[in-house]
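The values are calculated or read from the model by the stated rules, or taken from the named source; none is laboratory data. Treat the numbers as computed from the prediction; the structure is a model and nothing was measured. Positions of Cβ are backbone-derived with ideal geometry, glycine not excepted, and every protein chain shown enters the neighbour counts. Accessible surface is based on the protein model in full, side chains and every heavy atom, while ligands, DNA and RNA are left aside. Shrake-Rupley method; radii C 1.70, N 1.55, O 1.52, S 1.80 Å.
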Amino acid sequence: MTATICSRLFACLLHLGLLSLSAAPRPAQAEFSQPAEAFQGMPASAAMANLPLAIETFTLLLSRPDSLFDAREAKACALSAEAARLAVLGPDTMAVLAEETRRNGMSTETLSGQLAILSGACPAAQTLSGMTEYIWRSDSRMSLSGLVTRLQSRQRGVAQYDAQGNPGRTLSIIEASHSEMFQQQPSGELVSTALPGQPPGQNAYSITYGRGYMGQADDIQVTFTLIDTPPAQGAGMPPLRSSVAITRYTPDGEVLEIYMNNQLRTRAHLNRARQQHGWLEFFGQGNAGARPIRQCYQSGEPAPESACARP
């Protein structure tokens, strides 16, 4: 399930090769937009059933950012950082991410992590089982072509884990993250890519509602993301304030749509093996009526247009 694998929108886009983290303008003194304003203009659909709940939760996070990640009443699990990541994501997701990073020439490293259980039991044999509510803190690093992204996150999730330790059904995930990008020098030193006067990193809150969660349709999963960038200053591409990733499940696989600042920017088709299969479409900024740029894929590999049915 792509939206589950990529609960962090930036990580999702990076793994799918749809966005460079450096693409979003980063003015100084970045701040979050008000949630109701940030998502105003999203097209009405069944996927928006929980937008009012998301706005309410974002408002709580902005006023009390630590309130939903307090693990003092939770049971801490005696796991290594990598074992905690495996327990939360599940072996199937870890295998998919490993293949994506290999395919894209990336490397990943888990620097630290801690898993605490609010409801359920700590992993047995490094896998969770049954209905579990958890708080997971993670610090990781992704490297690609000399660019290094460090991602620190706190996540609170509720999921039903199957007998193999995979989150077969994700109900909800609330996440706070901070990312910084660096250029690795020949000496190995990491130098921040932020320009003078820019903040050194970017903060984001993401909320995922899984299939069938509190009125959500059984074939839809949606992730709302609020990003700490201010309104546009002057002409040019406006800063990215919010994103919405909608995954619609079909008998053949998944269709992932990504909205940036409430405009459809990307649509990707994936097969049941979670490989790009069909059209990958990119839509221009503020040009909804224009024909998208398209690339045909078959089983994860670029293919001639004749291999894809016309949308």
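A few comments on the model shown:
- Taking 1.306 mPa s as the viscosity and 10 °C as the temperature, the Stokes-Einstein diffusion coefficient of the stretch 50-89 based on its alpha-carbon Kirkwood radius rounds to 127 µm²/s.
- The trypsin sites (Lys or Arg not before Pro) of the stretch 65-109 meeting both criteria, a DSSP state outside H, G, I, E and B (loop) and at most 13 other C-beta atoms within 10 angstrom of the site's C-beta, are R72.
- Per-peptide average of other Cβ atoms within 10 Å, ordering 42-48, 265-271 highest first: 265-271, 42-48
- Segment E37-L190, extension gain: residue separation times 0.36 nm, minus the distance between their alpha carbons: 51.4 nm
- Heavy-atom accessible area order for S172, S299, S306, largest first, 1.4 Å probe: S306, S299, S172
- Relative to the current alpha-carbon distance between Q263 and Q183, full extension at 0.36 nm per residue lengthens the span by 25.7 nm.
- Shape of the stretch 238-311, Cα gyration tensor, a/c cut at 1.5: oblate
- Net length gained if the chain between A163 and I293 were fully extended (0.36 nm per residue, minus Cα distance): 42.6 nm
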